[in-house]
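J.: Have a look at this one before I ask anything.
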Amino acid sequence: MTTINNAQPVQLRRMSVTDQQGKTTEFSRSAKSVNNDSTQHPQATTDKKTVHLKEIKNLKKNISTALTQIKSSIDRMMDSRTPSWKKDPESIKNQLTKLTSSIQAYQDKLDSTSYKHHHSKQETLTKLNAAISENKNKINTIKNEISRKNVSNTELSKNTKINRDIAAIRAQDYKDYGHK
């Protein structure tokens, strides 16, 4: 580790903050706790409510709507009548990744507080994550199926070419040697 700042640590005085409700939060700060490296430091915790039920309800509504659209796309992809060139599992996987990151943002907010949030918030985030994981598994199944079909189509086209080559050789032999 390379030190950027060679100044001596300085002890700062004790500070406190009083919010509008008259609640006083005290904390001490010390320059000794400051690192001059580029490592990421943990997020500061707070005793305030960081996630409101309304936000979780909106998140659930948005994700449920997106999952409904994704499920219909997955159902179309899983239909055997849909040609494999129309199947695009990567775009759906990207959508699922975005949904997962939005859930993770709220999970981080819940984890960064000592405030006792209602248990339903955590349960909702867990259920949403489970639904997304289920859809990711379906997408992986579709990707494997597409890969397997592509391999079999490649083998089929090789076999077709071999069959054409054999037919051409037989035709040439018939021309050269006649029917025997």
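The values are calculated or read from the model by the stated rules, or taken from the named source; none is laboratory data. Note that the structure is predicted; figures quoted are calculated from it, not measured. Accessible surface areas use protein heavy atoms only, side chains included; no ligands, DNA or RNA. Shrake-Rupley method; radii C 1.70, N 1.55, O 1.52, S 1.80 Å.
J.: Amide H to amide H, which residues 5 or more places from residue 113 or on other chains are under 5 Å from it, using H placed in the peptide plane?
T.: 46
J.: Which whole-Hz ³J(HN,Hα) couplings does the range 72-79 yield from phi under the Karplus relation 6.51 cos²θ - 1.76 cosθ + 1.60, θ = phi - 60°, glycine and proline marked x?
T.: Calculated HN-Hα couplings, in order: 5, 5, 5, 4, 5, 5, 7, 5 Hz.
J.: Turning to a different aspect of this structure: Across the range 165-178, in residue order, what do the Karplus-derived ³J(HN,Hα) couplings come to in whole Hz, using 6.51 cos²θ - 1.76 cosθ + 1.60 with θ = phi - 60° and x for Gly and Pro?
T.: 5, 5, 4, 5, 5, 4, 4, 5, 4, 5, 5, 6, 10, x
J.: Still on this structure, please answer the following. Report ³J(HN,Hα) in whole Hz for each residue of the range 53-58, in order, from the Karplus equation J = 6.51 cos²θ - 1.76 cosθ + 1.60 where θ = phi - 60°; Gly and Pro get x.
T.: In residue order, the calculated couplings are 4, 4, 5, 5, 5, 5 Hz.
J.: Related question: Solvent-accessible area of residue 61, probe 1.4 Å, all protein chains present, reported in Å² to the nearest ten, please.
T.: Spelled out: residue 61, probe radius 1.4 Å, area about 130 Å².
J.: Longer than 23 Å from Cα to Cα, which of 71/98; 23/121; 23/61; 23/48; 49/98; 98/143 are they? Say none if no pair is.
T.: Details: 71/98 16 Å; 23/121 25 Å; 23/61 35 Å; 23/48 11 Å; 49/98 25 Å; 98/143 19 Å.
The pairs that break the limit, which is 23 Å between Cα atoms, are 23/121; 23/61; 49/98.
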